[in-house]
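Structure, as structure tokens:
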């Protein structure tokens, strides 16, 4: 009875001081993520969390991990599942989403153990880029990746139109006009000043 009361009091004090339990008890960090994990500019990351969180059964875990890097996801796994890609390239660590990564993008990658002393986990990343097509996971064991959000691709403004060149009819009219003005000036009789 005393232990239960002490535990409740301790929990209340911890919650008051901001030491509350994490939102999802299933998120267990198995490796620290870092900016050097990817070949693109990483603004922030969360994870690596144990296991493969990139599936419909782990929506709340994905939501909680994305919240840690400043993204509030709508939990629509069906839309995200359509973005899932597997790694390519000789090293099997290169990713190419159908959409270009532009501006601020949020993505997640699952990786396997990747050799001796490796770990399996899922990392969540906030990245910045301009029209990025490919990026590389700089760790062994790359597996699937999903894209939660990216901005519209940057499309440079079109070049200015070339300088206007008059059409032949316009040239003919201008030359004729200059000729008529020149002819009129030439035919004018000079006025003679009269003495008074």
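Residue-wise test of (1) over 23 Å from residue 42 (Cα atoms); (2) more than 17 Å from the chain's Cα centre (by Cα); (3) at pLDDT below 90.
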site: 56; (1), (2), (3): yes, yes, no
site: 63; (1), (2), (3): no, yes, no
site: 81; (1), (2), (3): no, yes, no
site: 110; (1), (2), (3): no, yes, no
site: 135; (1), (2), (3): no, no, no
site: 155; (1), (2), (3): no, no, yes
site: 161; (1), (2), (3): yes, yes, yes
key: Residue among 136, 104 that is in contact (Cβ under 8 Å) with a residue 60 or more places away in the chain and under 16 Å from residue 88 (Cβ atoms)   = 136
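Just one of 92, 58 is closer than 20 Å to residue 142 by Cα and touching a strand residue (DSSP E or B) at 6+ places or on another chain (Cβ under 7 Å); which is it? Lay out the reasoning, then the answer.
Numbers: 58 fails: touching a strand residue (DSSP E or B) at 6+ places or on another chain (Cβ under 7 Å).
Only one candidate qualifies: 92.
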request  = For the stretch 61-89, enumerate the residues that are under 26 Å from residue 140 (Cβ atoms) and free of Cβ contacts under 8 Å to residues at least 40 places away in the same chain.
outcome  = 61, 88
ask   = Given the conditions (1) surrounded by 15 or more Cβ atoms within 10 Å (Cβ to Cβ); (2) free of Cβ contacts under 8 Å to residues at least 12 places away in the same chain, which single one is not true for residue 34?
value = (1)
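The values are calculated or read from the model by the stated rules, or taken from the named source; none is laboratory data. On a predicted model such as this, the values are computed, not experimentally measured, just so you know. All Cβ positions, even for glycine, are placed from backbone atoms using ideal geometry, and neighbour counts span all protein chains on display.
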